[in-house]
Each structure stands twice: as C-alpha cells, then as structure tokens.
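The values are calculated or read from the model by the stated rules, or taken from the named source; none is laboratory data. The structure displayed is predicted, hence computed values, not measured ones. As a convention, Cβ positions derive from the backbone with ideal geometry for all residues, glycine included, and neighbour counts pool all protein chains shown. These area figures cover heavy atoms from the full protein model, side chains too; ligands, DNA and RNA do not enter into them. Shrake-Rupley method; radii C 1.70, N 1.55, O 1.52, S 1.80 Å.
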Amino acid sequence: MARRGGLLLAGCIFVGLAVPPLASLLRETLTITVAGLMTLVMLRIDLVQVVSYLRRPLLVAALLAWLLLACPLIAFAVARATGLDGPLGAALVIMATGCAATSSPAFARLVGLDASISLVAAVLSTLLVPFTAPPLALGLLGVDLSISIAALMGRLALIVLLPLAVALAIRRMVAPARLAAWSGRVDGTIVLLLVIYGIGVMDGMQARLLSDPAWVAGGLALAFAGNLGLNLLTAAAMWRTGRRIALAAGLLSGNRNMALYLAVLPAATEPRILLFFALCQFPLFLSPFLLRPVYDRLRHG
C-alpha cells in the first residue's frame, strides 16, 4: 500500500463518491481513524530532527502566527468583503483556522521544496491548533458550530495530545532498530487509514451532488480558491525569508488538516460545512501535482 499510495489516495475519494453505503459506514469510524493516523504519523516523525530545525525560532514563530492567526482573520475579512455569508463563508473561515496537513512534508519533497520547514510547521501547528482555532472560530469570528469554545478545545486537544502521548510511549517501549524495521508497515498502515478516511469523508457527497450540483460546484471552486489563495498570500508574505522556504510555506498554508475538524465536530454541525471540508480534500491531493511546473519555474527562476 505504501508503494502505491499515490494511486490509492487519488482513487479513494472517488470510491467514496461512487459507493455511498461504504462512505456512510466508514464515516462512523472517522474519529478513531484520525486518532490512529495521528499516532502513526507522530511515530514516524524524527523528534530530534524537529528540534534541530528550531534553530531559527523567529522564522518559525512568524510562520506559525501567520498560519494560525493572520490567515483566519484574512479569510474572515475576504468573506465579509465579498458577501460570502452562510455555511460556505463560515466553512472558509474555519478551514483557514486549521493546522497544516500532516502530509505537508511529503508534498514538499515531492515538488522539490523545503521539507524541513514544512515538517516543523505541520508538527507545531497541529500541537497549537486546539488553543488557537476554537477562540477564533467560535469567539472572535462568531462562527456557530453547535459546540462551545471549551468543548471544541477539549476535543481537539484530546485528538492531538493523546496520539502524541501514545507515540511517545511506543518510542520508549520499542527499540529504535525495531521501529526502523517496522517503517514500511507503518507507512502502509498510514495509507490504509488515509484510504478509510478518504472514503468516509465523502459520506453524503453523492446525494448532495445529485440534488444540488450547482452548490457542489460552487463549494469545490471555493475550496480550490481558498487553498490556492492561502498558498499565494503566504508565499508572498514569507518571500523575504528565501524563495524555497516561502514556496514551501505557501504550500502548507493552503493544505490544511480538515480531518481533525471532521473527527471532533458534533453531528449537529451544519451539514454544508462538513461537506465543504470534504470538498477540501480535492485541492489537498491535487494542488501539489498541478502546481509542480509552477514551483519548478519559480525555484529556478
């Protein structure tokens, strides 16, 4: 599965779209699937390497502040200025509050960008998002998610910190050589969990597509606009740090981890917000490949 990960990940979303009963069944497993995925990803991260990358604390702090604080405020301002209210406007703002996707380092390597800053930003923004996203989404921005600030912070902290604790416990109990020997199996299991997630996240999408194709098309266009817009703004804001770092920062800013929200938001959350998070998976998986020629030109330009 690890060797054929790209094909499996690209196909799983369309399987979920084509087979609604399977998507509905796997939707019920999203919370435990995301928790397991977070545990395995953290198990594969070299924590010593992450710490060594913190030799530029001001750069890292500025990037995290931009990702977790500035981007949500910019998204909110854009939504207000364009009259994008209702579920799609709220979903766009919530998307911008998310942490960088855990796949960011892999995507950065794939397109020849700085994977090290992507790794640091993905890990640290994931650890910080339980403390930044709820106050922004529910407090300052007033987005209604049918859950209190404290409850959302608690759920996000649980699904981030519990996998971290489990991963650290495994590292203490299992010899590094054995963990290294398991790397292929762990990577394959990560792909398996991503496939389960990709199918489950499509629950309800086919029915929505058939009943309201214009809404789905608009939501998909907004998902790509949000992804690419955050990418461009972040790259421009970080340009003085160096072209390679700025482009990597843009990529990880556009690719936000919606799996955490899908895992912790209550069933009473507006369904169209959850469907928009599902639509965000399309630019997440496709943008690195679509943008590779652009990155190649900018990197060597």
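Observations on the model:
- Residue match in the stretch 37-60 (condition: over 25 Å from L179 (Cα atoms) and within 19 Å of the chain's Cα centre (by Cα)): yes
- The number of residues in the stretch 32-62 that are outside any helix (DSSP H, G or I) and open to solvent by less than 30 Å² (accessible area, probe 1.4 Å) comes to 1.
- Those residues of the stretch 141-157 which are without any contact (Cβ under 8 Å) to a residue 40 or more places away in the chain and open to solvent by 60 Å² or more (accessible area, probe 1.4 Å), in sequence order: S148, I149, A150
- The helices (runs of 4 or more DSSP H) falling completely within the stretch 63-154 that include 2 or more residues that are under 24 Å from P266 (Cβ atoms) map to 71-81, 86-97, 115-134.
- Taking the stretch 190-216 as the range and being part of a helix (DSSP H, G or I), among the small types (G, A, S) and open to solvent by less than 60 Å² (accessible area, probe 1.4 Å) as the test, the residues that pass are G198, G200.
- Test set (1) modelled with pLDDT under 90; (2) open to solvent by less than 10 Å² (accessible area, probe 1.4 Å) - V93 fails condition number: (1)
- Evaluation of R185 against (1) open to solvent by 60 Å² or more (accessible area, probe 1.4 Å); (2) within 13 Å of G36 (Cα to Cα) (one fails), failing number: (2)
- Among residues of the stretch 242-253, those that are more than 20 Å from the chain's Cα centre (by Cα), assigned to a helix (DSSP H, G or I) and either on the phi > 0 side of the Ramachandran plot or among the polar types (S, T, N, Q) (or both), counted: 0
- The numbered conditions (1) modelled with pLDDT under 90; (2) out of contact with any Ser or Thr (no Cβ under 6 Å at 6 or more places or on another chain) are all true for A263 except (2).
- Residue within the stretch 165-187 that is assigned to a helix (DSSP H, G or I), of a type in the set (S, T, Y) and at pLDDT 90 or above present: no
- Here W239 passes the criteria (1) open to solvent by 60 Å² or more (accessible area, probe 1.4 Å); (2) of a type in the set (F, W, Y); (3) within 18 Å of the chain's Cα centre (by Cα) except the one numbered (3).
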